[in-house]
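Undergrad: Got a structure for you, questions after.
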Amino acid sequence: MFRQIALGLAAATMVGCSSSGSFDIGSKEDVARYATFAAAAKAPTTAPATDVQIAALISGPQLHIYNFTNRMIENASVWINGEYVTQVPIIPSMAEQSVDFSHFYNSAGLVLNTDKTPVKTVTVESGNGVHALLGPLIQQ
């Protein structure tokens, strides 16, 4: 199973997904809203699901989330290292969702600096449960 997911992730990064997306925070009000969300958010304490079918890839200033399931993930909290978090409205099924690292804040309202804090773990929390992602892989 892991080999199939890894091969799928590699293929997706080379040829692109037919359905992918990214979202932009944009305004100062949006930045404040995401920082406020992070200040109140609590990292998940529930054990992640063991049937991992979601993967993470780091490429430049972005985290790419690959959802290999047939379920769309809505209203997700994406956690990096259990400390930095952002909201992602939709992670489509069988597709990729990109998120800029500048969208991740910690509870003190500080934005993630990947030069000082390397990404070690990525977790997605939603109404569907908690999912530890494969990777993150780093695209050079």
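Here, each number is a calculation from the coordinates, and none is a lab measurement. Quick caveat: nothing in here was measured; it's all calculated off a predicted structure. Neighbour counts are summed over all protein chains in view; Cβ atoms, including those assigned to glycine, are modelled from backbone coordinates with ideal geometry.
Undergrad: Could you order the peptides 76-83, 62-69, 122-129 from most to least packed, using the average number of other C-beta atoms within 10 Å per residue?
TA: 62-69, 76-83, 122-129
Undergrad: Which residues' amide hydrogens lie under 5 Å from the amide hydrogen of Q53, considering only partners 5 or more residues apart or on another chain, with H built in the peptide plane?
TA: Correct list: empty.
Undergrad: Going by how many other beta carbons lie within 10 Å of each one, how would you line up D100, D115, D30, fewest first?
TA: D115, D30, D100
Undergrad: What full-extension length gain, to one decimal in nm, is calculated for S98 and Q139 as 0.36 nm per residue of separation minus the Cα-Cα distance?
TA: Length gained, S98 through Q139: 13.4 nm.
Undergrad: If R0 is 30 Å, what FRET efficiency do you get for S107 and S59 from their C-beta distance, rounded to 0.05?
TA: 0.65
Undergrad: Between D115 and A40, what's the calculated FRET efficiency when r is the beta-carbon distance and R0 is 35 Å? Round to 0.05.
TA: E between D115 and A40, to the nearest 0.05, is 0.85.
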